[in-house]
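Okay, so here's the structure we're looking at.
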Amino acid sequence: MRYIGGKSLLLDNINNVITSEIPEISSVVDLFAGSGIVSSNFKSKGYRTISNDYLYFSYVMSRASIVLNKKPAFKNLGIDDPIKYLNELTFADTNFDIDQCFIYNNYSPVGQCERMYFQPENALKIDIIRLTIKKWYTEEQITENEYFYLLSALINAVPFVSNITGVYAAYLKFWDKRTYKTLELTEPIITNNGKKNECYNLDFTELLSKKCDLLYADPPYNSREYLPNYHILETIARYDYPEIHGVTGMRNYDDQKSVFCKKGTVASAFETMIRDCKSKYILISYNNEALLSTEALSDICKRYAIGDSFKLFEFSYRRYKNKIPNDTAGLKEQLYLLRRH
Ligand SMILES: C[S@@+](CC[C@H](N)C(=O)[O-])C[C@H]1O[C@@H](n2cnc3c(N)ncnc32)[C@H](O)[C@@H]1O
């Protein structure tokens, strides 16, 4: 999934710093997992991986890809291929009421609704798949692992038929050609690292006491909050019929505003994280144009680093505008490494 601040282009740099500076580590906490791409990278390198994000849809994706070491068996369900079954399901096959279909009623242009996030057929498909997964779980036809496996397949499929340019903060006023494709679930990719990996849906402060070899932290770096940009994925994941408002049908997110997105709180947020972290090492992803200056973050790191263990690595990063590489802006991706214990 395309994710704001996603680190897919930085994985080699992260891996190189770890293998050259702290090759002995065997367990990692990914405190702000987002798309889960860094956690998946750690898992594939054989580290015991503990993943966290306070957004529920992010948790759902990592709960399947990080925690599971093999595809679940679906022994109780009595359906050979649940993904194929869900792909072929129609509204007429189910007993659901149209009023239950939250995405269809609120994010596609039917009835009074003018929002154009999904073609009505796909919106309805999202609803009946989501409701079916919930029904199977409530009726104990699928296990918790199976529930998250199917739910992550749904979350991963939705962006491919969404009428957006990448985030859900706005929808397009004409139908993009991708919206005419029929929503299709694919099997989530499950790798096996032979470790007992874990996944959490907590505020970062609640995981700092976890003792691991490395805490990897990639918090937001500017004032752009994550929830408004992914509010529909959050609602599909939770399926909690939230109160919504405004042109985009936004759910309330007062309790999901990040201390890393405000100038007044970002320094103390970093200080809390670094001071209270019980892992041996900390590796922070940030950049030189972020809310907290390089000098201020370096000072905090130096204050808590054991001996002279603090190191800052910088990588010039090409910003792409209209597909024309533009690296004149001087943006540098950074990795701050320090030993804490
Ligand atoms: C820069 S993104 C992480 C991107 C991720 N490394 C990737 O490659 O996809 C920052 C993440 O921090 C999460 N976040 C922000 N504040 C948080 C908090 N207080 N506790 C937990 N997660 C938080 C956001 O939901 C977002 O997914």
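Computed from the coordinates by the stated procedures, all read-outs in this text should not be read as laboratory data. What you see is a predicted model, and the numbers here were worked out from it, not measured in a lab. Using ideal geometry, Cβ is built from the backbone for each residue, glycine included, and neighbour counts are taken over all protein chains shown.
With contacts taken as Cα pairs under 8 Å at a separation of at least 6 residues, segment 137-247 carries a relative contact order of 28 percent.
Here's the picture: charge each Lys and Arg Cβ at +1 and each Asp and Glu Cβ at -1 in the chain, and of P23, I190, M61 the one pushed furthest to the positive end of that dipole is P23.
Scattering from segment 136-184 was approximated by placing one identical point on each alpha carbon and applying the Debye formula without solvent; log10 I(q)/I(0) at 0.13, 0.17 1/Å stands at -0.44, -0.62. The magnitude of the dipole of segment 193-254, with charges of +1 and -1 set on the Cβ of Lys/Arg and Asp/Glu and taken from the Cα centre, is near 280 debye. Can you tally the net charge around I50? Count Lys and Arg as +1, Asp and Glu as -1, for every other residue whose Cβ sits under 13 Å from the Cβ of I50. Charge balance near I50 sits at +3.
log₁₀ I(q)/I(0) of the chain at q = 0.10, 0.12, 0.14, 0.16 Å⁻¹, via Debye over equal Cα point scatterers, no solvent, to two decimals? Those come out to -0.65, -0.91, -1.17, -1.40, one per q.
Ignoring lysines fewer than eight residues from K43 along the same chain, the ones with Cα atoms less than 20 angstrom from its Cα are K7, K70, K71, K195, K196, K210, K211, K280.
Our coupling estimate for segment 211-226, obtained by passing each phi through the Karplus curve with A = 6.51, B = -1.76, C = 1.60 and θ = phi - 60°, is 8, 9, 6, 9, 9, 9, 10, 10, x, x, 10, 9, 7, 6, 6, 7 Hz, Gly and Pro reported as x. Our summary gives the chain a relative contact order of 19 percent, counting only alpha carbon pairs under 8 angstrom and 6 or more residues apart. Here the Karplus relation 6.51 cos²θ - 1.76 cosθ + 1.60, evaluated at θ = phi - 60°, turns the backbone of segment 48-59 into coupling constants of 5, 10, 10, 10, 8, 7, 7, 7, 6, 5, 5, 4 Hz, with x for every Gly and Pro. Other residues whose C-beta falls under 12 angstrom from the C-beta of Y200 contribute a net charge of -3, scoring Lys and Arg +1 and Asp and Glu -1. Summary value for segment 189-314: 34 percent relative contact order, contacts being C-alpha pairs under 8 angstrom separated by 6+ residues.
Selection among L233, Q256, L215 by position relative to the dipole of segment 209-334 gives L215 as farthest towards the positive end (Cβ unit charges, Cα centre). For segment 198-227 and segment 155-169, what is the separation of their C-alpha centers, rounded to whole Å? Going from one Cα centre to the other spans 24 Å. Charged side chains reduced to their Cβ positions (Lys and Arg at +1, Asp and Glu at -1) give the chain a dipole of some 940 debye around its Cα centre.
Across the options I14, F160, F204, the greatest Cα extent toward the positive end of the charge dipole of the chain (unit charges at beta carbon of Lys, Arg, Asp, Glu) belongs to I14. Ordered by the count of other Cβ atoms within 10 Å of each Cβ, fewest first, C199, C301 give C301, C199.
Based on DSSP H runs of at least 4 residues, each adding -39500 (n - 2.57), what is the mean residue ellipticity at 222 nm of the chain after dividing by all its residues, to the nearest 500 deg cm²/dmol?
-9000 deg cm²/dmol
Taking a Cβ cut-off of under 12 Å around T265, the surrounding Lys, Arg, Asp and Glu residues balance to a net charge of +2, with basic ones at +1 and acidic ones at -1.
Note on segment 236-309 and segment 76-111: Cα centroid distance 37 Å, given to the nearest whole angstrom.
About the centre of its Cα atoms, segment 104-231 shows a dipole size close to 340 debye [charges on the beta carbon of Lys, Arg (+1) and Asp, Glu (-1) only; nearest 20 debye].
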